[in-house]
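Asker: Structure below; questions to follow.
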Amino acid sequence: MTTRIFFFLFVLLPALASAQLTQTIRGQVVDKNVQSPLPGAVVTVPGTQPLKAAGTDANGYFKIEGVPVGRQAVRVTFIGYKPFVLTNLDVTSGKEIVLTIGMEEDLKQLEEVVISANSRKDLPQNDMSTVSTRTFSVEETQRYAAAVNDPARMALSFAGVSSPDDGNNEIIIRGNAPNGLLWRMDGIDIPSPNHFSDEGTSGGGISILSAQLLANSDFSTGAFAPEYGNALSGVFDLKLRKGNNEKREHTFQAGVLGIDVASEGPLGKNGGSYLVNYRYSTLGILGKIGVPLGDAVTTFQDLAFNLNMPTKNAGTFGIFGFGGLSNQYLDAKRDSANWESEDDRFYGHFKAHTGMGSINHSLRLNDKMYLRTAVAGSAAFNSFFWKRINDSYNDETYYDMYFMRPRITFSSTMNQKINAKHQLRYGVIANRLGYDLEERYRKDSTGTMVTDVNASGTTYLLQSFFQWKFRLSEKLTAVSGLHALLFTLNNTWSVEPRASLKYEVNERHAFSLGYGLHSQVQPIGMYFATQQLPDGKTIFPNQNLGLSKAHHVVLAHDYLLTEHLRMKTEVYYQALFNIPIRTSDADEYAGSYSMINSEGGYFTDSLTNTGTGTNKGVELTLERFMHNHFYMLLAGSLFDSRYIAADKKERNTRYNGNYSVSFTTGKEIIFKKGKKRVLGLNARLLYTGGKRTAPIDLEQSIAQGKEVQLWDRAFEDQNPYYLRLDTRFSLTTNRPKSTHLIALDFQNTTNRENVYGRSFNPTTKAIEYSTQTPLIPVLSYKITF
C-alpha cells in the first residue's frame, strides 16, 4: 500500500500538473449580410497537433473541444464564400470561446485561395464602412495600458484621436469638438454611456459599459456609412456579446477602483442566454494610498445586461440595457476658524445618472432578407448645486442646475442581398426626445438668481437611410446611399449623400475614397436659452437654430507589408458650415465665439448658423498585429483645425493641437509547459499638442482684480504639449476550469505634470498653471471560472 501511495505522489501528480490545459471553441457560421446559417462549413484550428477541426451542422453551429490554451487561430472555409481567418484568439481555461463568424460570398470560384489577407484584425465589422473605420476588440480594451476597460480611452491609440485631459474620456477626432461623436449599440442610438457625463458632451469620467459585455465593435473617424446620422466627428458602433448558452460562467474582479462582477449562462429551452455585469467604484481608495485626487468624494456604480432568446419559428428576441449612477460631493469647512481661503466656504454636489433598456427582434424572412427591429427607452439626468457659507453660517446659492432628458427610440433595419454583387441596407430611426431643463446662476453680489434655461416638453428627431453595396469585381467595391434627418422642434432637415470606393490592387495594396455630407442637432438646451425683454416677456432667441453640417472627404491607402504588419495612410478634408456663432456685440467675446469650440453645457446667448470651419490633415498608422506574442501600434497625425466666426477672422480652434502621436506596444512571456502562466508587459506613450485658449491680459487683470482674457485674440495661446506614458504589468494563470489575472496599471508612469489650464490669481497677482493627475497606480485581481 505504501509503495502505491509513493508512486501516486511522485509520478502521477507531476504528470497531472504538467498536463496541457484545454478549452472549447464553438459558435455559428452565417452569411455576413443576411445572417443565414451556412451548414457544411469547415472550421479548423491551424497549428494544433493533431489538427482540431469540425463541420457546421444544419443550423451553422460547430464545436471544437480540447483546444490548447494560449493564442490560437480559427480558419473557416465554405464553398462559394471567401475563406475567413480569425487570429490571436486568447484561449484561457476559465471561459469558453463562443464565436459568430460572418462570411462573404466570393464572386469567382478559385481552386486555390490565399487566405492570409483575410486574417486582418483591423477590418471593420460593418462591411459598408470602407474608409476611416477599424474594428476594436474586447481584448484590446482589457490589454492596452491604462485603458481600464474603456473603449474611448483605448481609442486614444488610433490615428486622428487625441485627448489632452486625464480626468475625462472625451476624445478629439481630427480637430473636432468632442460633442460631435455618436454612440450606438446594436443598431440603436444611445445617450453617452459614460459616468459623469454632462449635457452637450459625448464623454465623461469612465465608460458605464464593462468590457465583459462587449463583442468586437467598430470605430469611425470620418465619411461615415449612410446608416449613421446626427454626428460630425466620429461613431462608436458597439456590439454586445451574447452569453454562453450551454454552461454558466462567472467573473469577479476587485481592485483599488472597486469591484466588478459578471455572470452568464443558458436561458430557456431554445438555446437562449443571459449576461449580466455589475460594478461599484470609488476613488476613495486611491486617496487613502496617497494619490492626490482632490477633496471631493467620488463614487459610481453601474449595471448592464443582455438577454438573448431565440424561438423556433419567430426569430430571436433580445433585451439589453445599462444604467449608471455617478456622484461627486465636495464639502465646505464648516468651522470658520478653518477658513484659509474663499474656496473653503463652498460646497457642491454633482450627479450624473444614465439608463437605457431595449427590446429587439431579429427575423430572417428568407435566404435573402434579414430584418432587425428595436424599441428602446433611455434617460440622462444631471444635477448640480454650488453653495457658499456666509459669515452668518447661512447658505448662499451660486449655481443650481437640473437637466432631465428622457428618450424613446424606434429603429428598424432591413438587410437584403440581391446576389453576390448587390447588397442593400435601409431603415428608419425615430426618437421621441423629452426635456425638463432648468439652470440658474448668481448674477452679482446682490444675490439675484438669473434663470437662463427653463423649459419642458417633447420633440422628435426622425432619420431614415438607404445604402447600396455594389461589388463591381473582386477588386472594386462601391458603397453609396442617402441619410435623411428631420428635427421637428423647428422643422430643420437635411438630406445627405454618401459614397465610397475601395479598390484592392492585390492582396497587399488597397485604395479607398470616401465622401459624405453629415449634420448634427444642437444640444437640446441651446434651443431654450431665455432672454428677458424690457417689458418682462421671455423669448427663446435660439429656437430656430439649424443643424451644424460638414462635408467629409477621405483618401486612404492600405498596405500590408507582411502577413502581420500593416501600414495605412489617410488624407482628409472636412468643411464645416452652418455652425452656430454669436450675433450680439455686447462684449469682446462675441466676435470670436463659435460652437465649434464647445466643451459641453449650454451656451445661452443669441446665436445664428453662419459660422464655418475646416479640418484637414494626414494620418499614418503602422501596426503589427499580435504575432509570436508581440504587438505594436504606431499612429501619427498632422492636422490643422480652423474656424471663422462673426468677426470674419480665421482662427485656430480650441482643439487645434496640430499634431498627435501614440505608440502602443506589448509583449507576452509564456511560463511553464501547457501555457499555464502568461506575463503581460504593455505600454502606451501619448504625445499631442495642447489645447488652445485666449491670452490673459496680466496688466488689466491686476488693475481690475479679476482675470481679463483677450478674446479678440482667441485661441492664439496654447498649453504646453501633452506627454504621458502609461504602463501595464499583468500575470495570467490558467488552472483547471479557472483563469486568474493580477494586473497593475500605471497611468502617467513618469509623474509628468501636464498642464490643464491657466488662470489669474488676484492674491498673488500672477498667472498660475493648473496641472493634471499625477502617477495613478491601479491594482486589480480577476478570476474567471
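The values are calculated or read from the model by the stated rules, or taken from the named source; none is laboratory data. The structure presented is a predicted model; accordingly, all values stated were derived computationally and were not measured. Reconstructed Cβ throughout: ideal geometry from the backbone, glycine too, with neighbour counts over all protein chains shown. These accessible areas exclude ligands, DNA and RNA; they are computed on the full protein's heavy atoms, side chains included. Shrake-Rupley method; radii C 1.70, N 1.55, O 1.52, S 1.80 Å.
Asker: Among the aspartates and glutamates, which have Cα under 15 Å from the Cα of residue 475 when same-chain residues fewer than 8 positions away are ignored?
Answerer: 104, 105, 106, 127, 504, 507, 558
Asker: Additional query: If we restrict to alpha carbons, what Rg and Dmax does region 128-201 come to, in Å?
Answerer: Reported Rg and Dmax, both Å: 12.6, 35.
Asker: About its Cα centre, what dipole magnitude does the chain give when the only charges are +1 on Lys and Arg Cβ and -1 on Asp and Glu Cβ, stated in debye to the nearest 20? Display every interim value, and only then the final one.
Answerer: Numbers: 81 positive and 76 negative charges, 676 e Å.
With only Lys, Arg, Asp and Glu charged at Cβ, the dipole is about 3240 debye.
Asker: How large a share of the accessible area of the chain, in percent, is made up of carbon and sulfur atoms when the probe is 1.4 Å and the other protein chains stay in place?
Answerer: Details: 18870 of 33470 Å².
Roughly 56 percent, rounded to a whole number.
Asker: Still on this structure, I have one more. For region 150-164, just list the computed ³J(HN,Hα) in residue order, Karplus coefficients 6.51, -1.76 and 1.60, θ = phi - 60°, integers in Hz, with x standing in for Gly and Pro.
Answerer: 3J(HN,Hα) across region 150-164, in whole Hz: 10, x, 5, 5, 5, 5, 4, 7, 8, 5, x, 10, 8, 7, x.
Asker: Give me the dipole magnitude in Debye, nearest 20, for region 660-785 about the Cα centre, with unit charges on the beta carbon: positive for Lys and Arg, negative for Asp and Glu. Show your work: numbers first, answer last.
Answerer: Working: 19 positive and 11 negative charges, 317 e Å.
Value, rounded to 20: 1520 debye.
Asker: Shape verdict for region 106-252, please, from the Cα gyration tensor: rounded (a/c under 1.5), prolate (a/b greater than b/c) or oblate.
Answerer: Working: a/c = 1.84, a/b = 1.30, b/c = 1.41.
Oblate, since a/c reaches 1.5 and b/c is not below a/b.
Asker: To check my understanding: the extent here is largest minus smallest coordinate of the Cα atoms along each principal axis. What are those three numbers for region 211-366, in Å, largest first?
Answerer: Principal-axis extents of region 211-366 (Cα, largest first): 77, 41, 22 Å.
Asker: When the Karplus curve 6.51 cos²θ - 1.76 cosθ + 1.60 is applied with θ = phi - 60°, which whole-Hz ³J(HN,Hα) does each residue of region 632-641 get, with x for Gly and Pro?
Answerer: Computed from phi, the couplings for region 632-641 are 7, 9, 10, 10, x, 9, 10, 8, 9, 10 Hz.
Asker: For residue 199, list long-range residues whose amide hydrogen, built 1.01 Å from N in the peptide plane, is under 5 Å from its own amide hydrogen.
Answerer: 601
Asker: If you don't mind, there's one more thing I want to ask. Mind putting a number on the dipole of region 638-698 about its Cα centre? Charges go on the C-beta only, +1 for Lys and Arg and -1 for Asp and Glu, and I need it in Debye to the nearest 20. Please list the in-between numbers first.
Answerer: Numbers: 14 positive and 5 negative charges, 146 e Å.
I would put it at about 700 debye.
Asker: Given the pairs 691/765; 649/691; 95/351; 247/312, which are separated by over 26 angstrom at their Cα positions? List each step's numbers first, then the result.
Answerer: Details: 691/765 24 Å; 649/691 19 Å; 95/351 36 Å; 247/312 21 Å.
Table pairs above 26 Å Cα-Cα are 95/351.
Asker: Between residue 478 and residue 561, how high is the FRET efficiency from 1/(1 + (r/R0)^6) when r is the Cβ-Cβ distance and R₀ = 25 Å? Nearest 0.05. Before the final figure, lay out the partial values.
Answerer: Values: r = 27 Å, r/R0 = 1.07.
Given R0 = 25 Å and the Cβ-Cβ separation, E is 0.40.
Asker: Let me ask another. Using Cα centres only, tell me the gap between region 119-179 and region 618-671 in whole Å.
Answerer: One Cα centre to the other: 10 Å.
Asker: Taking the Cβ-Cβ separation of residue 628 and residue 495 as r and a Förster radius of 56 Å, what is the calculated FRET efficiency to the nearest 0.05? Intermediate results must be reported in sequence, preceding the final value.
Answerer: Values: r = 50 Å, r/R0 = 0.90.
With R0 = 56 Å, the Cβ-Cβ based efficiency is 0.65.
Asker: Expressed as a rounded percentage, what relative contact order does the chain have, with Cα pairs under 8 Å and six or more residues apart?
Answerer: Details: 2267 pairs, mean separation 84.8, N = 785.
Relative contact order of the chain: 11 percent.
Asker: Write out the trypsin sites (Lys or Arg not before Pro) in region 359-447 meeting two conditions: DSSP loop, and at most 13 other Cβ atoms within 10 Å of their Cβ. Walk me through the intermediate numbers first.
Answerer: Numbers: sites: 364, 368, 372, 387, 388, 407, 417, 421, 425, 432, 440, 442, 443; in loops: 368, 421, 443.
When the trypsin sites (Lys or Arg not before Pro) of region 359-447 are filtered for loop state and at most 13 Cβ neighbours within 10 Å, 443 remain.
Asker: Now, a different point. Around residue 304, with a cut-off of 14 angstrom between Cβ atoms, what is the net charge of the other residues, counting Lys and Arg +1 and Asp and Glu -1? Before the final figure, lay out the partial values.
Answerer: Values: positive: 239, 241, 242, 279; negative: 150, 186, 260, 264, 302.
Once all neighbours under 14 Å are counted, the net charge is -1.
Asker: Here is a further query. Name the residues of region 517-544 whose amide N is less than 18 Å from a point 7 angstrom out from the Cα of residue 443 along the C-beta direction?
Answerer: Once the point is set 7 Å along Cα→Cβ of residue 443, 529-541 turn out to lie under 18 Å by backbone N, inside region 517-544.
Asker: Considering the values (i) 91, 70, 48; (ii) 138, 105, 53; (iii) 130, 100, 72, which represents Cα extents along the principal axes in Å as calculated for the structure under consideration?
Answerer: Checked against the structure: label (i).
Asker: Where in region 711-751 is the amide nitrogen less than 18 Å from a point lying 7 Å along the Cα-to-Cβ axis of residue 669?
Answerer: 727-734, 741-746
Asker: At 1.4 Å probe radius, can you tell me the per residue accessible area of the chain in Å²? Could the numbers behind the result be given before it?
Answerer: Values: 33470 Å² over 785 residues.
Heavy-atom accessible area per residue stands at 43 Å².
Asker: I need the phi-derived Karplus couplings for region 731-748: 6.51 cos²θ - 1.76 cosθ + 1.60, θ = phi - 60°, integer Hz, Gly and Pro marked x.
Answerer: In residue order, the calculated couplings are 10, 9, 10, 8, 10, x, 6, 7, 10, 10, 9, 10, 9, 10, 9, 10, 8, 6 Hz.
Asker: Using 18 Å as the cut-off for backbone N distance, which residues of region 308-337 belong to the label zone defined by a point 7 Å from the Cα of residue 59 along Cα→Cβ?
Answerer: 308-319, by backbone N distance to the label point.
Asker: Can you list the lysines whose alpha carbon is less than 20 Å from that of residue 443, not counting same-chain residues fewer than 8 positions off?
Answerer: Leaving aside lysines fewer than 8 places away in the same chain, those within reach of residue 443 are 387, 537, 706.
Asker: Follow-up. Going through region 479-539, which trypsin sites (Lys or Arg not before Pro) have at most 12 other Cβ atoms within 10 Å and a DSSP loop state?
Answerer: Taking region 479-539 and a limit of 12 other Cβ atoms within 10 Å, the loop trypsin sites (Lys or Arg not before Pro) found are 537.
Asker: If the cut-off is 20 Å between C-alpha atoms, which lysines fall inside it for residue 469, apart from same-chain ones fewer than 8 positions away?
Answerer: Partners found: 32, 82, 108, 368, 417, 421, 502.
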